[in-house]
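In what follows, a single structure is set out as structure tokens and then discussed.
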Amino acid sequence: SSCGKLPPGFLVGMRLKLIQEEVPKHKSIVTDVGWFKTSKQYELLSCGDDQTVWKWHVEGSPISKLCDIDAYATSMAHLPNNKGLDNTFALGCADGTFRLISEMGREEKKVDAHRGAVISLKWSFDGSAIATSGEDGAVKVWSRSGMLRSTLTQMPHAVYSVVWSPDCEHILFSCGRKCHLKAIQAGQKALEWKAHEGIVMQLDWSFVNNTILSCGEDCRYKIWDSYGRLLFCSAPLDHVVTSVAWSPTGRHFAVGSFNVVKLCDRTGWSYCRETPQSGSIFSISWCNDGTQLACGCGSGTVLFASLVDRKFSWQNTDVTLDENNSITVHDVLNETQEELDFRDRVTDMSLAYGALVVTTNSQCFVYQQSNWNTPHVEDLREPPTLIVQCPHHFALVDANGIQLISYEGRALSTIKFSGLRTEFLNQQTLSICRDSVCLVDPALPKQIRIFDVYSGRAVGQPTAHKLDVVRISLNQQGSGADRKIAVLDKNKDLYLIKSSQPDRTEKLGAMVDTFMWNDSTDMLIALIDEKLVVFIFPSVVFVDKDLLPKTMMLKTCTDAGKYAQIIAFYGSNCIIRKADGADLAMVTTPYPQILYQHFEKGQWEQAVRLCRYVKSPELWASLAAMAIHSRSLDTVEIALAAIEEVDKVQFVAHINKLPDEVLRTAELALFCKRPDEALNGLLQGKRTYRAIKMNIRLHRWNDALELALKHQSHVDTVLAYRQRHLQQMKHVETNVQFKHWAESVEVDWDTVKKKIAMEKDTELRNAQSEAS
């Protein structure tokens, strides 16, 4: 049974290893630091109040002084470029200018930008523009060469921080206690909200997970979504929080305060807290591969911090990456330990489904649980930014696209399309399964695209959702026809989409904080308004939506608190990670698992027996939905009778009595509230009378008459039923078409009844001859 399984691998913990020079190179406070890439490796620049810029090795030793400046530098920003071709950087200075300086330290241009000091400056993600803010309260946008494009706003007080939105269409800045979001193009509505009780010191916006970080003089740091809604608020620290910065992977962030640097998960809780004797940390900059960061400190030191002891768990395997760049694999059950060594620095790893995927900047290693000694090694052209695993294969995302690779190291396909910004993808917006890859288009967050795993080609047209999609997830069970996508949008509404029929979208719930598919069945679990809700058979929404509330199991879960995330749902066990990083284990009922086993094998008798034993209405309703899905009508009758759905029982009994498959299929489609599908089925099966009669039952009178005239049969039948309907309702005929035909066609109920009896006889004879 799958109850003994542990969930797909998740990060258990990590810490920071600090390196600090003994004698500071800067004679005064370090105001900003920034990484850049040379042809082979990363290097760091730092600027300070001693009017110098220093250059540093990646491991923390100084290389040389790059240049002197004739002003006090307040901020620095590198031109975004991953290739290491143009390492121009911009320096904001206290005299109101910013300078563009080459990699060799030569000042290329000096621009008079603000009255008073330039406090903050940032390049846009595409490197086409610079945003600056200053003591004069102005926020300005400049071209790459330093020409003024626009003064975006003029505030009454100094603007301490400015950042670009991921799409480079908006600028977020802080003034006083508020955050302001303003569009670059005029005419769009600006957004503002109170962020902190004190002055907002610094902001950062992650282009990977599209969330905003802020810190302030109230000693707190907070996480916001891109609409200014609070996602997390920290407890107050001892001192003012002076800096925050997202990791380039979007999975964690760093926080700087007086003599404190913290590493936190993207949901807000802390992995570790280090206390260097460095004074206030004024700026934090992450290395592009997300494995280390540097801090500019009040004491004049430049502090380097590496992410070490990253630990992942899956089932009974623990994997730890230590500070010497070697991985320890610990099998808890068999008490064995393996050491895996790497020549290049490990940038990322992922453990799930018995496979460990490890990446460096140039290679990818795939280890199988059965054999830790001989990995499959793939050479990479670009450093990967994301690994996503499923039980059958994994996806590696880099600048070239999304590569799908089997656990034997065989490349399956590469997914690319024009306008794909792979660096914007994350675990929430990319999902893979046995046969499909599904992603939220980063450029159009309302669009969901589906691709085939083996050809890399798009399946159908992109599906457009009503609102921006925050998270998607494919179910892992079944094949292409059963493939479903669970979609969570910015309104916190959870929807289910059939990947084979993307136009069929059904809502599962509202106010959903987090959700996850089960590892071995098609159950879905969600946290909705402090309740843990298990959708036993979510596909019920495509079968009979009325049954949905009856197939849901609810459990109060006030312990989870706000901002909790479901990180695992395996067997009947669920693990919820709370806002403080603690894991909460919840157990749901094991019976749905057994019901699924019977359902997959078509053992309806055993399934009915199980439901009779458990006596759970949710299980009966789920069985009814499963049986309708598989068209086992006898089981449907028993299950619906058990939950006292009398009207439905009668309708299913009527379907059961029909003589042949075409009629049963059509009536079942009608039962599932898909009348058009039912009518098409009847017409394809040449059952004209039944199609006409169905239109009459649905009160689609015009369609019924049109069909009768087209096939030149049963016109009198339609008119007879219409007259009877009008008599019962005590109405008078107003439809011109019906008036015209009523005059020219004689209606006789006896004739009509004989014709209907003949049709039914013919159906019965045909069904019997087919059966024999």
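The values are calculated or read from the model by the stated rules, or taken from the named source; none is laboratory data. From a predicted model like this one, the values you see are computed outputs, not experimental measurements. Note: ideal-geometry Cβ built from the backbone for every residue, glycine included; neighbour counts use all protein chains shown. Side chains are part of the model used for accessible areas, which takes the heavy atoms of the whole protein and leaves out ligands, DNA and RNA. Shrake-Rupley method; radii C 1.70, N 1.55, O 1.52, S 1.80 Å.
If the viscosity is 1.306 mPa s and the temperature 10 °C, what Stokes-Einstein diffusion coefficient in µm²/s follows for the chain when Rh is the Kirkwood radius over Cα pairs?
Using the Kirkwood radius from Cα pairs, D works out to 53 µm²/s.
With a point put 7 Å past each Cα toward its Cβ, work out how far Gln154 is from His239 in nm, to one decimal.
3.8 nm
Rounded to the nearest 0.05, what FRET efficiency is calculated for Ala585 and Gln606 with R0 set to 30 Å and r the Cβ-Cβ distance?
Using R0 = 30 Å, I get an efficiency of 0.50.
Could you calculate the contour length gain from Lys194 to Gln768, that is, 0.36 nm times the residue separation minus the distance between their Cα atoms, to one decimal place in nm?
Taking Lys194 through Gln768 to full extension adds about 199.1 nm, to one decimal.
Per 0.36 nm of contour for each residue apart, how much would the distance between Ser145 and Met511 grow if the chain were fully extended, relative to their Cα-Cα spacing?
127.1 nm
Output the 0 to 90 degree angle, nearest 10, between the alpha-carbon long axis of helix 604-614 and the longest principal axis computed from the alpha carbons of the chain.
Roughly 70 degrees, rounded to the nearest 10.
Helix 688-697: angle to the longest alpha-carbon principal axis of the chain, degrees 0 to 90, nearest 10?
It works out to around 70 degrees.
Which far-off residues, 5 or more places away or on another chain, put their amide H under 5 Å from the one on Thr153, with H placed in the peptide plane?
Residues meeting the amide H criterion: Val139.
Charges only on Cβ, +1 for Lys and Arg, -1 for Asp and Glu: so what's the dipole of region 302-355 about the Cα centre, in debye to the nearest 20?
240 debye
Search the structure for amide H atoms under 5 Å from the amide H of Thr385, placed 1.01 Å from N in the peptide plane, and list their residues when 5 or more places away or on another chain.
Val397, Asp398
For region 408-489, count all C-alpha to C-alpha pairs, find those more than 17 Å apart, and express that count as a whole percent of the total.
Every Cα pair in region 408-489 considered, those over 17 Å come to 45 percent.
In square angstrom, what is the accessible area per residue of the chain with a 1.4 angstrom probe?
Here the per-residue accessible area is 43 Å².
Taking θ = phi - 60°, what integer Hz values does the Karplus form 6.51 cos²θ - 1.76 cosθ + 1.60 yield along region 208-221, in sequence order, with x for Gly and Pro?
After applying 6.51 cos²θ - 1.76 cosθ + 1.60, I find 7, 9, 6, 10, 10, 10, 9, 9, x, 6, 7, 6, 10, 10 Hz.
Accessible area of the chain with a 1.4 Å probe: how many percent of it is carbon plus sulfur?
49 percent
Can you pull out the GluC sites (Glu not before Pro) in region 370-462 whose DSSP state is coil and whose Cβ has at most 15 other Cβ atoms within 10 Å?
Glu408
Mind listing the phi-derived Karplus ³J(HN,Hα) values for region 562-579, rounded to whole Hz, using 6.51, -1.76 and 1.60 with θ = phi - 60°, and x for any glycine or proline?
6, 6, 6, 10, 7, 10, 7, 8, 10, x, 10, 9, 9, 10, 10, 9, 7, 4
State to the nearest 20 debye the size of the charge dipole of the chain about its Cα centre, where the only charges are +1 on K and R beta carbons and -1 on D and E beta carbons.
I would put it at about 1920 debye.
Residue separation times 0.36 nm, minus the C-alpha to C-alpha distance between Arg381 and Asp112: what's the value?
Difference between extended and current length: 92.7 nm.
List every residue whose amide H lies under 5 Å from the amide H of Cys67, counting only residues 5 or more places away in sequence or on a different chain, with H placed 1.01 Å from N in the peptide plane.
Distant-sequence amide H within range of Cys67: Val53.
Once the Cβ-Cβ distance between Thr38 and Asp322 is put in as r, and R0 is 25 Å, what FRET efficiency do you end up with, to the nearest 0.05?
0.40
What ranking, highest mean first, results for peptides 557-569, 290-302, 224-236 when packing means the other Cβ atoms within 10 Å averaged over each residue?
Taking the mean over residues of other Cβ atoms within 10 Å, the ranking is 290-302, 557-569, 224-236.
What's the ranking of 676-686, 628-638 by average number of surrounding C-beta atoms within 10 Å, highest first?
628-638, 676-686
Run the simple label-point estimate for Asp761 and Ser479 please: 7 Å along Cα→C-beta, distance reported in nm.
Result: 4.4 nm between the two label points.
To the nearest 10 degrees, how steeply does helix 661-671 sit against the main Cα axis of the chain, on a 0 to 90 scale?
Once rounded, the angle reads 60 degrees.
Report ³J(HN,Hα) in whole Hz for each residue of region 748-759, in order, from the Karplus equation J = 6.51 cos²θ - 1.76 cosθ + 1.60 where θ = phi - 60°; Gly and Pro get x.
Whole-Hz 3J(HN,Hα) from phi for region 748-759: 9, 4, 4, 4, 4, 4, 5, 4, 5, 4, 4, 4.
Which value in Å does the Kirkwood hydrodynamic radius of region 223-354 take, with 1/r averaged over all unlike C-alpha pairs and then inverted?
Radius from the Kirkwood sum: 16.5 Å.
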